[in-house]
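To start, the structure under review is shown below, and the notes come after it.
The values are calculated or read from the model by the stated rules, or taken from the named source; none is laboratory data. Computed from a prediction, not measured in an experiment: that's the story for all the values here. In this analysis, Cβ positions are derived from the backbone assuming ideal geometry, glycine residues included, and neighbour counts consider all displayed protein chains.
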Amino acid sequence: DQQVKQNSPSLSVQEGRISILNCDYTNSMFDYFLWYKKYPAEGPTFLISISSIKDKNEDGRFTVFLNKSAKHLSLHIVPSQPGDSAVYFCAAPARGSNYQLIWGAGTKLIIKP
Amino acid sequence: NAGVTQTPKFRVLKTGQSMTLLCAQDMNHEYMYWYRQDPGMGLRLIHYSVGEGTTAKGEVPDGYNVSRLKKQNFLLGLESAAPSQTSVYFCASSYAQGRTEAFFGQGTRLTVV
């Protein structure tokens, strides 16, 4: 069973504070993870990724942390800005399925002014 | 700077009608994908292609057919539309599979009544 789970459908954060979006996976064979961001009426756009050989990857305001023992990753956005309001998807390529991406259900992030 | 372009953006079909969704990319990518997104769920892969003239089934291929006659185009066909195919459809392309960024079109919202 190769699942990627995002258990929080939505998250509301004050502008300027930290946003933390979580993602859990069930298969320890996953060794690479990607985060995508999606605005309404647009397609997803790639945000940041992490390989299982690392436990952290940072790109500007965005940092992804990977905890392999807990099969958990999180995306931190600091500081949160109004333009960060979007749906965030976690995804992982499945090695046993020709590297097809397995997607989480997404978390809607709302940044309050 | 088109990237991935999908046509049409919206469509309403009656049950049993057929239609074709067109996806075009101008990035010379080998890999192309068709996904559907339903409320509360992540993106699910319908079909994909690893190069011109090739197609393969994804997670939810039933009721759909695809063709990749030219490298830049990937067509998704519904031969006999059903209400269960009401969804938002996304096309994507990438230069490699799995661990690389995929570029998405803006989506096609299809309603089958």
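A few comments on the model shown:
- Only strands (runs of 3 or more DSSP E) whose full extent lies in the stretch A:1-69 are considered here, and the ones with at least 3 residues that are more than 14 Å from chain B (Cβ to nearest Cβ) are A:10-14, A:19-25, A:62-67.
- Residue check: A:Gly96 meets all listed conditions (1) modelled with pLDDT under 95; (2) crowded, with 19+ Cβ neighbours inside 10 Å; (3) not in a strand (DSSP E or B) but one, namely (2).
- The listed residue being modelled with pLDDT of 95 or more, more than 17 Å from A:Phe89 (Cβ to Cβ) and β-branched (Val, Ile, Thr), out of B:Val50, B:Val66: B:Val66
- Those residues of the stretch B:73-113 which are within 14 Å of chain A (Cβ to nearest Cβ), of a type in the set (Gly, Ala, Ser) and either surrounded by fewer than 16 Cβ atoms within 10 Å (Cβ to Cβ) or not in a strand (DSSP E or B) (or both), in sequence order: B:Ala96, B:Gly98, B:Ala102, B:Gly105, B:Gly107
- The set of residues in the stretch B:41-63 being part of a loop (DSSP other than H, G, I, E, B) and either of a type in the set (Phe, Trp, Tyr) or in contact (Cβ under 8 Å) with a residue 24 or more places away in the chain (or both) consists of B:Val50, B:Gly58, B:Val60.
- Boolean, A:Ile77 is at negative phi, modelled with pLDDT of 95 or more and under 15 Å from the mean Cα position of the chain (by Cα): yes
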